[in-house]
Amino acid sequence: MAYDREPRYLHPYIAGRLIKILEAINTKLPAGCKAKMVSAHRTPNDQFNLFKQGRLFRNGSWVKVGPVVTHLDGFVKVSRHNNLPCTAFDVGIFENKAYLGDSPLYKHVKEGTKFGLDWGGNWSRFKDYPHLEMPNNLFFKNSLQKDQGILWQYYLQMAGAYTGAMDGIFGTKSGQALKLVTGIDERNMQAWDILYNKFGKLDKKYE
């Protein structure tokens, strides 16, 4: 699924800073090692497949039987990776092109905090050292839901199909504009591709 490493599905705040974030991490790594983005947007099914790792379904529920990758299943509990555009990404560290799945070098991913992001290594309940995500204060009106909505509204306004309030509330008018411009009823990767290919990046909205 190459799309999970595709910067076009990143939130424009992250996309506009991604190169500098990785450069900052790389300056802390020893020679021969390099940081790369390895996972950005995931569909709910992608997330669920990760959730199943280390678990078995027994007596009507998923039971932990080994090391788990995530506590979020993508459906009941949604990951930031499931947002579109996604508001989180994971960093992979490579040594001579070999992926390091577990290494103390992941402590340097915290360099992303210098760009306003939250680092999973600072979490108390579940340490996620490769993970960086946007905190609420970076969202439009401090609302993840409204921030997601207004990004789509920006595109639809550019297309001349949406003339309503730029409030991030993706209601009937926004939905009708999306259908008019893309021919698609829901906010999915196919619809995002159409808008992105036609109007380009939204990075400057978050400079």
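Values in this text are rule-based calculations from the coordinates and carry no lab data. Predicted model only: the values in this text are computed from it and were never measured. So basically every Cβ, Gly included, is an ideal-geometry build from the backbone, and we count neighbours across all protein chains shown.
Between Lys201 and Phe75, the contour length at 0.36 nm per residue exceeds the Cα-Cα span by 42.5 nm.
Projected onto the charge dipole of the chain (+1 at Lys/Arg Cβ, -1 at Asp/Glu Cβ, origin at the Cα centre), which of Val181, Ser103, Phe89 gives the Cα projection farthest towards the positive end? Checked the options; the winner is Ser103. Kindly list the residues of region 77-117 that lie in the label zone of Glu186, defined by a backbone N under 16 Å from the point 7 Å along the Cα-to-C-beta vector. Zone members listed by number: 77-79, 82-85. Summarising the amide proton neighbourhood of His131: residues at separation of 5 or more, or on other chains, whose placed amide H is nearer than 5 Å comprise Val91, Gly120, Gly121.
Report the per residue volume, in Å³, of the convex hull enclosing the C-alpha atoms of region 142-200. Don't jump to the answer; show the numbers that get you there.
Numbers: hull volume 4.3 nm³, N = 59.
Value for region 142-200: 73 Å³ per residue.
At each listed q (0.10, 0.13, 0.14, 0.15 Å⁻¹), what is the log10 of I(q)/I(0) that the Debye formula gives for region 56-207 modelled as equal alpha-carbon point scatterers? Here the Debye-derived log intensity ratios amount to -0.49, -0.77, -0.86, -0.94. A dipole drawn for region 68-207 from +1 and -1 charges on Cβ atoms has a positive end, and of Gly120, Thr70, Thr172 the residue lying farthest that way is Thr172. Charge dipole of the chain (Cα centre as origin; +1 on each Lys and Arg Cβ, -1 on each Asp and Glu Cβ, all else neutral): 240 debye, rounded to the nearest 20. For region 127-136, putting each phi into the Karplus relation 6.51 cos²θ - 1.76 cosθ + 1.60 with θ = phi - 60° gives couplings of 6, 10, 5, x, 9, 10, 8, 7, x, 4 Hz, in residue order, rounded to whole numbers and with x for Gly and Pro. Could you tell me which of the pairs Lys97/Lys198; Lys52/Lys107; Lys64/Lys97; Lys127/Lys204; Lys110/Lys201; Lys110/Lys198 are separated by over 29 angstrom between their Cα atoms in the structure shown? Correct reply: Lys97/Lys198; Lys64/Lys97; Lys127/Lys204; Lys110/Lys198. Two numbers describe the Cα atoms of region 6-141: Rg and Dmax, which are 15.4, 50 Å. The residues neighbouring Val68, those whose beta-carbon lies less than 10 Å from its own, together hold a net charge of +3 under the Lys/Arg +1, Asp/Glu -1 convention. Computed from Cα positions, the angle between helix 144-158 and the longest principal axis of the chain comes to roughly 50 degrees. Axis angle, to the nearest 10 degrees, between helix 189-199 and the longest C-alpha principal axis of the chain: 70 degrees.
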